[in-house]
Amino acid sequence: MSTATVAPAALEMPADTYLNSSFGIKSWFLTKDHKRIALMYLVSISLFFLFGGTMAVLMRLELLTPAGDLFQSDTYNKLFTMHGIVMVFFFLVPSIPATLGNFVLPMMIGARDLAFPKINLASWYIFMIGACFTFSAIISGGVDTGWTFYTPLSTQYLNTHVIAAALGIMIAGFASIFTGLNFIVTTHRMRAPGMTWFRLPLFVWSQYAVSIVMVLATPVLAITLILVALERGFHIGIFNPQLGGDPVLFQHMFWFYSHPAVYIMILPGFGVISEVIPCFSRKRIFGYSAVAFSSMAIGVFGFLVWAHHMFVAGISTYSALVFSLLTFIIAIPSAIKVFNWTATMYKGSIHFDTPMLYAIAFIGLFTIGGLTGLFLAALGVDVHVTATYFVVAHFHYVMVGGMLVAYLSGLHFWWPKITGRMYPEPPAKLSALITFIGFNLTFFPQFVLGYMGMPRRYHVYPPEFQVLNVLSTAGASVLAVGLLMPMFYMLWSLKYGEIAGNNPYRATGLEWQTTSPPPTHNFHETPIVTRDAYDYESLTEEVEVVG
Amino acid sequence: MSDSTVAADQLQHHREPELVEQFDTLEQQKDVSQFGMWVFLVTEIMFFGGLFAAYLIYRNLYNPAFVIASSSIAISWGAINTGVLICSSLTMAMAVHSAAVGARKLLIFFLVATLILGFVFLSIKGKEYYDKWVEHHVPGANFDFNYERAEKGEVVAPPDVASQTSIFFSLYFAMTGMHALHMIIGAGILIALIWKSYRGAYPPHHYTMIENFGLYWHFVDIIWIFLFPLLYLVSRSPVH
């Protein structure tokens, strides 16, 4: 990279950026610029995250004492349902693809925009329409099915606003289909000259894998939720046992989407970590193609493990055996990634900047989350801990300890590219530390609680569980502080942060070659790629020569 | 990574007015939008796939109910509709061809013909739905498979089988209803395409919209080609 030089002393904001190219409400709400759409997504999902987080805090408050002294059980049912629905469908699924992916993917491959900018904008509107439906259900009294909408509870026995909530999720699903479709076509057809498949940054590989999963799995959720709505609205009987329907079929169809959706939520996180670790270890990633192919393998195997959510639902022993085996197999590509990241750090020149702190936290927390997934894949253990706090702790280690931490890592990493200004390093490091401590304090006790037999989704519990629950609630307050801090200092940095310059971390990757913030068309001249990704060794040599 | 760059003006000289800014050439633009359309059709296959899976499972579980319920559907209307839909695919293919050779009047003619055939299909479907309503074959409170069947001299289903036929009709309405919804959306797009063709928006070097819509229309047609035998024909044998 002959153009890379050590940053000069005085940096200035570039004159021509995507932020100052046009002004006014219309220039945002009718924009076709992937970077502005990414910011609109960022604001929306941050608000949804605050809402979902508030629900979580209320639940933890209720669980401080064994008695149900803050909420009635109905209210508590609504709280965990709305927490689940909002966090899964309106935060985790769109989080990295629609914000960071939308922002950097076209730049990473050297394109001026995504293949279908109008569809990209439409996806945000569809997402918000879906959110309106779901939030109208929440405002008009809430839903209490659990985020899984299990039949016949959701279709026959509940009197809440299931149809509006389900249709909202179905509509928001089309937003992720559109995002996935856009990413697939963009990655195939819009790469800059010289950007071959095996020179793609691994973030692009993970987005590509996740897009395939989105495109193939989300339509099945759509038709499933339509059938639930039809069943409630018109009393057709596809899932109704009184009419000969099979409620377990609902579980099959739901998890056929929702298990791959777990990978929709975690794969983009893998992509972020694969960018951050080489950058702050100043080393080429260990085993590039192994990491790339393990993303694809997770995408494929992710479709073949759904029934491990149903080991106690009366499926046959033999199919349970097969699904258990496949679930063990899917741990292999995840483990390949973890080993490759740690091998990348080995003998690297490691810098503990905030994105790297989050990335290291990710590796540890995701490993715990992944390994406890193997406990659950084992048929005997699964029967013991199904629907207990063990499961809750397991998927929060993957979703919060994994995905949310990776999202924060990526958000800090690309913040200078998005805004042109650095986040302040000391509070950022502090918040990473607080988040890590608070997270473990919240969720580690839940493993123990679950193993001792405390079931999920109850607001009262026997007094002997109180100590661990108090620990967990205390952890949740610490975690809330850690997660709220970035909102303040990042907003602060918009005005007062140091000006970042094009490439503050001296990272490889085309997105760092353009100005920060980038111009509307990303590059003033179409780049031509002549090197592999993560070529940090020769970058260091050249800097030494130039410097 | 980038040691040199392509001069910007080299890419931007004589850009056609139809070429949107993120692409370099019209060929790339066409290629990209067709690829996108195929990916979209894959999502549609998965969408209907859920219904086909449910059909498969219940047909195996409740075979006698599926046989008797399937035999109760008037085969003639379904067959006519299949013919209508295949004809509409032909007119759609002709429309794409007309666009390719730049015959604007023929393009409009064939698009209008496709639209009319689509409406004929939907009207016949509506008539079939009405018949189901009269026969009390719509799932819900009024569902009664054996309603007036004995009076008409038709085979009366035993009580357990009769209640299981409700599953067949649930699937019948869900599958044909989703298909009809796709037809209605398609008809809406067709009206817009006819208007824009009239305004001359699809010259021979830029008719990808027409071609992509053709792909969609043929896809909806193919879904029916699967629905017709599964719902009307495949169980049509005497009850043993």
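Every number in this text was worked out from the coordinates using simple rules, so none of it is lab data. Everything quoted here is computed from the prediction, not taken from an experiment. Cβ: placed from backbone, ideal geometry, glycine included. Neighbour counts: every protein chain shown.
What ranking, highest mean first, results for peptides A:147-156, A:326-335 when packing means the other Cβ atoms within 10 Å averaged over each residue?
Working: A:147-156: 20.6, A:326-335: 18.1.
Descending mean neighbour count gives A:147-156, A:326-335.
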Cross-link pairs beyond the 24 Å C-alpha cut-off, checked among A:Lys78/A:Lys429; A:Lys118/B:Lys196; A:Lys35/A:Lys429: A:Lys78/A:Lys429; A:Lys35/A:Lys429
Through the Karplus equation 6.51 cos²θ - 1.76 cosθ + 1.60, θ set to phi - 60°, convert the phi angles of segment A:301-311 into ³J(HN,Hα) values in whole Hz; use x for Gly and Pro. 5, x, 7, 10, 10, 4, 6, 6, 7, 10, 4
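Can you pull out the trypsin sites (Lys or Arg not before Pro) in segment B:172-240 whose DSSP state is coil and whose Cβ has at most 10 other Cβ atoms within 10 Å?
B:Arg199
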Normalised by the residues of segment A:414-503, what does the relative contact order come to in percent, with Cα pairs under 8 Å and at least six apart? 53
For chain B, set up a GNM with springs between Cα atoms under 10 Å and report which of B:Phe169, B:Phe213, B:Phe35 has the largest fluctuation. B:Phe35
What net charge do the residues around A:Ser409 carry, taking every other residue with its C-beta under 12 Å from that of A:Ser409, with Lys and Arg at +1 and Asp and Glu at -1? -2
Sort A:158-164, A:318-324 by the packing proxy (mean of other Cβ within 10 Å over each peptide's residues), most packed first. A:158-164, A:318-324
How big is segment A:252-387 on each of its three principal axes, counting only the C-alpha atoms and giving the largest first in Å? 53, 26, 21
Check each of the GluC sites (Glu not before Pro) in segment B:150-240 and keep only those in coil by DSSP with at most 16 other C-beta atoms within 10 angstrom; list them in order. B:Glu151, B:Glu154
Dipole magnitude of segment B:58-233, debye to nearest 20 (Cβ charges: Lys/Arg +1, Asp/Glu -1, about Cα centre): 780
Inter-probe distance in nm under a simple model that places probes 7 Å from Cα toward Cβ, at B:Trp77 and B:Val156: 2.5
One can check that the equivalent ellipsoid of segment B:58-233, built from the alpha-carbon gyration tensor with semi-axes equal to the square roots of five times its eigenvalues, has lengths in Å, largest first, of 40, 14, 12
Could you tell me the center-to-center distance, by alpha carbons, between segment A:128-174 and segment B:132-210 in angstrom? 26
Taking the Cα atoms of segment A:351-472, report the difference between the largest and smallest coordinate on each principal axis, in whole Å and largest first. 51, 30, 22
Hey, can you rank A:121-128, B:140-147, A:395-402 by average C-beta count inside 10 Å, highest first? A:395-402, A:121-128, B:140-147
Reciprocal mean inverse distance between Cα atoms of segment A:464-547 - Kirkwood radius, Å: 17.3
What does the structure give for B:44-55 when I average, per residue, the other chain Cβ atoms found within 10 Å of the residue Cβ? 6
Looking only at other chains, what is the average number of their beta-carbon atoms within 10 angstrom of each beta-carbon in B:35-43? 6
In Å, descending, principal axis extents of the Cα set of chain A: 74, 46, 45
Relative contact order (percent, whole number), chain A, Cα cutoff 8 Å, 6+ residue spacing: 20
So how far, in whole Å, is the C-alpha centre of segment A:361-380 from the one of segment A:75-109? 22
Going toward the positive end of the dipole of the protein assembly as shown, with +1 on Lys and Arg Cβ and -1 on Asp and Glu Cβ, which of A:Asn503, A:Thr186, A:Val57 do you reach last? A:Thr186
Set the bar at 25 Å for Cα to Cα. Now go through A:Lys417/A:Lys495; B:Lys30/B:Lys125; A:Lys32/B:Lys105 and name every pair that lies beyond it. B:Lys30/B:Lys125; A:Lys32/B:Lys105
Computed about the Cα centre, the charge dipole of the protein assembly as shown from +1 Lys/Arg and -1 Asp/Glu charges at the Cβ has a magnitude in debye, to the nearest 20, of 360
For segment B:136-200, with +1 on Lys and Arg beta carbons and -1 on Asp and Glu, the positive-most of B:Ile191, B:Thr176, B:Pro159 along the dipole: B:Ile191
Among A:Ile298, A:Pro445, A:Phe339, whose Cα projects farthest towards the positive end of the dipole of chain A, with charges put on the beta-carbon of Lys, Arg (+1) and Asp, Glu (-1)? A:Ile298
